[in-house]
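Have a look at the structure below before the remarks.
The values are calculated or read from the model by the stated rules, or taken from the named source; none is laboratory data. What you see is a predicted model; the values in this text were computed from it and never measured. Cβ: placed from backbone, ideal geometry, glycine included. Neighbour counts: every protein chain shown.
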Amino acid sequence: MRITMSRRYPEGKYAAYRLLLCLLLFTFFLLPAFAGEEQGDVVFSPKLQKAYFEIQKLRLPAARELIDDERAANVQNPFIAYLDSYADLHYLLIAEDRPRYKVFIQQQDKRLDQVGKLSEKSPYKRLFQADIRLHSAFAKLKFGNEVSGSWEIIRAYRLLEDNRKKFPAFTPTFKSLGLLHVLIGSIPENYTWIAKILGLKGNIAQGISELRQVVKEEPFFKQEAELIDLLLHAYTLQLSPEQQARIRQWPREQPDNLLLHFFATTVLMKENRSEEASFFLASAPVGKEYMPFPFLNYLRGEIALQSGEYEEALAFYARFLKQYAGFNYIKDSYFKMFLCRWLADRDQEAIGYIQKVGQTGSTIVEADQFAERIAKELNEGKISPRQKVLYKARYATDGGFFKKASELMKTVSEKSFGTTYEKAEFNYRMARILQKSGRTNESMPFYDRSITLGLADAGAGGFAASSALQMGYIYQKKADNQKAVMYFTKAMSFKKHEYKNSIDNKARAALTELGR
C-alpha cells in the first residue's frame, strides 16, 4: 500500500529540553515517504504533519485535537501511535506529572503493538518501534528509573542497527542512530566495557558524520539534523562560532516556537551570555495555545541572581515553585532563595529557605544534589560568611558579568579563606574570570593551584576536576595534545563530586576527539 502524504510541509521543526533531555527530544522526527520500498499502512496526512509541528511548538492541546480527528478516520494508522507517544513525552519532560507518567508507561506497549503490525518490508517499522522505546527511555530517565530506561535505549539501539542493515539507503535511520553513536561514544572510559558487553558501539566522529550526511542528502531533514548536531556540541562537545550564530538565528526565524526560544536561552546561559539569553526569554511566545512552562520563571530567576538583582530573583523562584508540580529543581530553587537573602546580608530571613532544601524535592539532577549538600554543610556550620564573595563572583561569572565578578575577587586573596575547599574555589573562580575575559595564560596558574588543592582534599575535588577539564581545553586549543590528554584524564580521576557525570562525559568526548 502506498503512503499518502502532502508535499506542503509546515515550517519549523524544533524541540528542546534541558541539558541532556534537551538533546534527546530531537531524536524523534516526522518521516516522509521513501521511494522504492513498501510502506505498509503508514499515512502521513496533512493533519498529522501539522500535529507533529504543533507538538514541537508546545501547542499540545491543538496537536491532540488534530490527532484525535485523524484517529476517528483511521484508527489503525501507526503514525497516530507514534505521535501520541511523542506528545506525551513533551508533556512529561516539562510537567513532570507522576500520575500521567504511570498512564504513559502502560500505554506504550499498546503503541508498540500497533506499530509492530507494519510490514517487515517497511523501513518505518523498526524506526517507529525504536523511537517509541526511546520516548519511554527518556521519560523513565527523567522520572528516576535509570535501569529500566537504560534497557529501553539498548532495545532501541538494536532496532536502529537492524534497520540500518536491512535498509542501508534509508537515511532517516541515521537521525536517531547518529545521536546514539555520539552519546555512547561519550561514555567515560571506566564504563565502556559495559557498552561493549551489551553490544553498543559509539563513536563521536561517526555520529556527527551520520547527522551531517542527513543534512547533506535529505533537504526535508536538513534543519533538524543540523539542530541535533548543535545540541550535541552545546551539551557534550563545544560550539563553534558558526554554530553559536546559528543558535541566535533560529528563534528569529521561528518566532512562534516556544521550545526554540527555550533552547536558545539555555544554551546562551550555558555560554555565559545571560544578558543576551534574556532577550530570547523575553520574546518567547505565550498564550493559552501553549502548554504551561513554569521553568521559564526559574530561568528568569537565574539571570536575576547572576546580575545581583536579589529581590527580583527571589520573586521569580517563588513564582516557579507556585506554578510547578514537578520534582526537579525544587531543592535548588529554595537554595537560590536562601542565597537571595544571605547574599543581601539578611541572614535571619535566609534560614527558612535553607531548611526547605532538606524537606522537599528530589536529588536526580546535579543542581539539586549540590543544593542538598550545601544545605547540610550550612546546617553543620561548615559554610562561612567569608564565602559570600565567592558565591557572588560565581553567579556573576556564570551570567557573563565578568567585570563585576573581577571587581568582587579583587577584594580577597587565597589568604582570605581558611579551608582547603574555600581556597580551591577561590583559585577556580579567579581562573574562570580570567579565562572568560580573554586572559587565558593568566588563568592557568590558578587552575593548577585549584587542582593541587583538590588532590590534597577530596572535598575540593569538584573544583579540581573542573579546573583540569578547562586546562585540557586550553591545551587542546594550543594544539598541545599531550598535555591536553593528561589534563582530560586527570579531570576524570576525581571521585564523588556533584558534577562528575557531566565532567567525565565532556572529558571523554574531548579525548575521543583527540583519538584517545
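Tabulated values for the structure
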{"read-out": "Filter pass, residue 490 being surrounded by fewer than 17 Cβ atoms within 10 Å (Cβ to Cβ) and touching a residue at least 12 places away in the same chain (Cβ under 8 Å)", "value": "no"}
{"read-out": "Residues that are in contact with a Ser or Thr (Cβ under 7 Å, 6 or more places away or on another chain) and buried (at least 23 other Cβ atoms within 10 Å of the Cβ), drawn from region 462-487", "value": "463, 464, 467"}
{"read-out": "Close pairs from region 94-108: first closer than 13 Å to residue 84 by Cβ, partner among the acidic types (Asp, Glu) and assigned to a helix (DSSP H, G or I), Cβ under 7 Å, at least 6 apart", "value": "104/88"}
{"read-out": "Residues (of a type in the set (Asp, Glu) and over 21 Å from the mean Cα position of the chain (by Cα)) located in region 298-321", "value": "309, 311, 312"}
{"read-out": "Count of residues meeting criterion [at pLDDT 95 or above and farther than 14 Å from residue 498 by Cα] in region 455-472", "value": "6"}
{"read-out": "Among the residues listed as 456, 465, 460, the single one being more than 27 Å from the chain's Cα centre (by Cα) and within 26 Å of residue 418 (Cβ to Cβ)", "value": "456"}
{"read-out": "Subset of region 140-160 that is surrounded by fewer than 24 Cβ atoms within 10 Å (Cβ to Cβ), in contact (Cβ under 8 Å) with a residue 12 or more places away in the chain and of a type in the set (Gly, Ala, Ser) - its residue that is farthest from residue 199 (Cα to Cα)", "value": "144"}
{"read-out": "Flag if residue 469 is hydrophobic (A, V, I, L, M, F, W, C), more than 17 Å from residue 506 (Cα to Cα) and assigned by TED's automatic domain parsing to the domain that holds residue 497", "value": "no"}
{"read-out": "Residue satisfying all of: in region 493-516; in contact with a Gly (Cβ under 9 Å, 6 or more places away or on another chain) and within 20 Å of residue 373 (Cβ to Cβ); surrounded by the most Cβ atoms within 10 Å (Cβ to Cβ) among these", "value": "494"}
{"read-out": "Filter pass, residue 39 being modelled with pLDDT under 90 and part of a helix (DSSP H, G or I)", "value": "no"}
{"read-out": "Of residues in region 44-87 being crowded, with 22+ Cβ neighbours inside 10 Å and polar (S, T, N, Q), the one farthest from residue 254 (Cα to Cα)", "value": "85"}
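One line per residue, one yes/no per condition, for (1) surrounded by fewer than 21 Cβ atoms within 10 Å (Cβ to Cβ); (2) of a type outside the set (Ser, Thr, Tyr); (3) closer than 20 Å to residue 310 by Cβ; (4) assigned by TED's automatic domain parsing to the domain that holds residue 471:
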position	(1), (2), (3), (4)
358	yes, yes, no, no
366	yes, yes, no, no
408	no, yes, yes, yes
423	no, yes, no, yes
432	no, yes, no, yes
437	yes, no, no, yes
